[in-house]
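Here the structure comes first, spelled out in structure tokens, and everything after it is commentary.
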Amino acid sequence: MYGHAHCPILTTERDPRPVNNEIPPPSPRERFYRRERRSVPAARAFAREALADWGVRGRADDVVLCVSELATNALLHGVPPGRGFLLRLWPLPCGDGVRVEVHDSGGGVPAVPLEPGGSDEGGRGLLLVSELADKWGVTQREPGKVVWFECVVPAD
């Protein structure tokens, strides 16, 4: 049963369809991108289109910026030659936000730099994600990893 603590969907024992006439949640959207420069703007456009289709307006710019940063990081650090990355988005339960995942096959665990004001060029993208997203993290997979974030979007 699909639901959330603050918006459960009630069902009957004989008929598992929602009794409160709620529309089922939108399906996740995903797209694979090759290790190419044009993949980052394409990922941004794909994310913006999915958000618009789902009616997510609040914080859309934050989500798209975070997608851009994670896609760039995947291309620079996580995608070996000849491979690519998978971008997956889906709305959180009850339409109160969005979750984004970037899957790549590279090793290592990304981290926010300890000194954000330093001269090192690396890590600033994750610093932005950590500031803009409500939650973010890294999950190991074989091969590679999934870097994800969630943004809660308050109801209009």
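So the values come out like this:
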| item | result |
| --- | --- |
| Per residue value of the accessible surface for region 23-68 (all protein chains in place, 1.4 Å probe), Å² | 64 Å² |
| Long-range HN-HN contacts of Gly106 with modeled amide H, under 5 Å | Lys145 |
| Accessible carbon and sulfur surface of region 23-111 relative to its total accessible area, %, 1.4 Å | 53 percent |
| Region 45-146: C-alpha gyration tensor shape, a/c 1.5 cut-off, then a/b vs b/c | oblate |
| Residue-by-residue Karplus 3J(HN,Hα) for region 87-94, coefficients 6.51, -1.76, 1.60, Hz, glycine and proline x | 9, 10, 10, 7, x, 6, x, 6 |
| For region 90-106 and region 52-71, distance of Cα centres in Å | 11 Å |
| Under Karplus coefficients 6.51, -1.76 and 1.60, residue-wise ³J(HN,Hα) of region 55-65 in Hz, glycine/proline x | x, 8, 10, x, 6, 4, 5, 4, 4, 5, 5 |
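The values are calculated or read from the model by the stated rules, or taken from the named source; none is laboratory data. Note that the structure is a prediction, hence the values are computed from the model and not measured. For the accessible areas, the whole protein counts, side chains as well, though only heavy atoms, and no ligand, DNA or RNA atoms are used. Shrake-Rupley method; radii C 1.70, N 1.55, O 1.52, S 1.80 Å.
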